[in-house]
Amino acid sequence: YSSKDLHGIEFIDSYVFNQVEDIRFNSTVGKFVGYTEHGVYNAETWNKGSELAQELGELERFCKPNAANHYSAVLDKTGEQG
């Protein structure tokens, strides 16, 4: 995100095994995407189950409240001399 109103905020949740990204959830895309054979299988399963609803809720439940707190604590202070 790039403004205080959090309009463009995006939640990304990546699942990595042996330094290879298998699955990624992106709130802008709104679903899980698989990048390996195993990841594609799991992404299809998770997109049909309760996992998708849970991930969709994380943007409102976790990201926006915490981003607002961090914005005021960090980004508002950029440029100040310390």
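What follows draws every value from the coordinates through simple rules; no lab data is involved. Worth saying up front: this structure is predicted, and the values here are computed from it rather than measured.
Worth a mention:
- Under the criterion of Cα pairs below 8 Å and six or more residues apart, the relative contact order for the range 3-75 equals 25 percent.
- Counting 0.36 nm for each residue step from residue 60 to residue 33 and taking away their Cα separation leaves a gain of 7.7 nm.
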